[in-house]
Every structure is written in structure tokens, then in C-alpha cells.
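Reading through the C-alpha cells given below for one structure.
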């Protein structure tokens, strides 16, 4: 009897090893995301079942990115492409056309979600980021049906993490006196975050990517900053700090130039989507308190 039990256990072990080997030998789904913040969300859902590439390098902006020849090759080999949409990747359509990949499945993550005017930065609200995650899981499952259970499980796990993150951020923002919850930002990547957590977006320095505002516009922002008791003007590292510093000096307020929204490194304090929002929240709270 013991011999039969041992043989049965050995057979199960061999079957498990064979199954694991077969899974390891199966080619991974070739997936592309346009910029690194989206890649962080896709990686949480796809895990080891996908081979993930990112088009826009860390430190560059997806709003004014100039595609390279290797981006065309990446898209030519891809099976699924995740873009944000809303106009932030104005350069993408021509790049996809040049890739000549008729089988490429393109998923626009912000489609059908509640846009605020033409502002495309919906992912900065963790509630909307959770909607992105659900769409990522659905798209990966359609492209790789055998992995659907894995994708669904990962999306559910990460969705709970995003729920907890939302509550964590709300508690931190609540420590800012209500009269101090006001921001002037370099470009309006923060509207969805601010609206979710009760911060007023008083003004925006750069209304259109790459276009410097007029001196009169800056003067009006200085007046707005003073009238609304704004304590700091906020920007991101990939943008020139000169305009922000000029505005801050004229208004007599602080300059904060290390917020992140569309660029996430693979290591350091900002290495994935949750760490990005935690880092940004801590920076905002310190500046406004």
C-alpha cells in the first residue's frame, strides 16, 4: 500500500513538473504600453505571462515624445498595445501605421470614462486607475484565454490595493488645513487627483505642451496665488523649472519641482503606480501644511 502511495505521489509530482515546464516554454504575450505609468498598471495585471515593452522612456513626456525607429519595430512585433488616449499620445497613430501590424490589438484605456474637458490624465485618480486595471485584465484575457484566471486574479488583488491607497491618500490630505488645499501647477496633470481628494486647482502655468505663457498670463497667476493664499507652485522634473521659479518668486511662495505623473522608474522611491501616488501625496502634504 505504501509503495502504491509513493508511486502515486511521484506521478503527481512528475505531472506538476511537466505542466510547469510546458507553461514556462509557452511564448509570453508581447505587450506594449505607451508610457511607464501605464506599464506599471499593465505589469501588475500581466505578471510573468507577458513580455512588456514601453515606448516613451523614463524621464520623457508622452505629450511631446518623438518616436524612434525602434518603436516601430517594437509595435510591429507586438500583440497588444495599451494607450491612454485623450490626445496625450498625438504621435502614436502615425507610429502604429508605420509599424504595419494588422494583428495588433489597440486598447485605449480612458475611452468612455468621465473626462474633464480635454484633460487626459485620468490615471491620477486611483478610482479611475482601477477602471484601467479592469480593462487591462479584459484585454489580456481576450488575447491570451489560457491566462484569463491569472489576469482576473491579479486585477482583483491590485484593485483592493488601489482601494486601500485611495483611503490612505484621503487621510493624509485631510491633515492639510482646508484653507491651504490649493495648488498652482505647471501643467494640469493634477485635476483628477485634486478633484478626488478635495484640493483646488487654482491655476496652470503651461496651458498647451511646449507653449510658454505670456507675461500677462503669469502676472494673472501671481494675483490668483495671492488671492487664494496658495502656498506652493508644483511641477515635474522633466519640465524646465524657470517659469515655475519666476512665478513662485513673484508670488512669494515655495517651488516644488519633484512631482511625478507620467514617468515611473524601475527602482527608487517612485518605482510603481502606488509608490508614485504615495510619494506625490507626501510631497503635496509637506508643501501645503
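For the reader, a short list of remarks on this structure follows.
- Test: residue in segment 251-266 that is surrounded by fewer than 17 Cβ atoms within 10 Å (Cβ to Cβ) and in a helix (DSSP H, G or I): no
- Consider segment 209-227 and keep the residues that are outside any helix (DSSP H, G or I) and touching a residue at least 40 places away in the same chain (Cβ under 8 Å). The one that is farthest from residue 168 (Cα to Cα) is 210.
- The condition of being in contact (Cβ under 8 Å) with a residue 24 or more places away in the chain and within 22 Å of residue 51 (Cα to Cα) holds for only one of 78, 90, that being 78.
- Applying a threshold of 8 Å to beta carbon distances and a minimum spacing of six or more residues, or different chains, the list of pairs starting in segment 268-281 at a residue that is under 18 Å from residue 173 (Cα atoms) and in the same structural domain as residue 235 (by TED's automatic domain parsing) and ending at one that is modelled with pLDDT under 95 and in a helix (DSSP H, G or I) is empty.
- The set of residues in segment 184-208 being surrounded by 14 or more Cβ atoms within 10 Å (Cβ to Cβ) and part of a loop (DSSP other than H, G, I, E, B) consists of 186, 187, 188, 189, 190, 199, 205, 206.
- Here residue 216 fits the description: surrounded by fewer than 18 Cβ atoms within 10 Å (Cβ to Cβ), on the phi < 0 side of the Ramachandran plot and at pLDDT 90 or above.
- Subset of segment 158-191 [more than 17 Å from residue 207 (Cβ to Cβ), touching a helix residue (DSSP H, G or I) at 6+ places or on another chain (Cβ under 6 Å) and touching a residue at least 60 places away in the same chain (Cβ under 8 Å)]: 158, 162, 165, 169, 172, 173, 176, 180
- Only helices (runs of 4 or more DSSP H) whose full extent lies in segment 58-150 are considered here, and the ones with at least 1 residues that are over 19 Å from residue 30 (Cα atoms) are 92-99, 126-143.
- Residue check for residue 204: free of Cβ contacts under 8 Å to residues at least 40 places away in the same chain, touching a helix residue (DSSP H, G or I) at 6+ places or on another chain (Cβ under 7 Å) and under 22 Å from residue 56 (Cβ atoms): no
The values are calculated or read from the model by the stated rules, or taken from the named source; none is laboratory data. This is a predicted model, so every value here is computed, not measured. Using ideal geometry, Cβ is built from the backbone for each residue, glycine included, and neighbour counts are taken over all protein chains shown.
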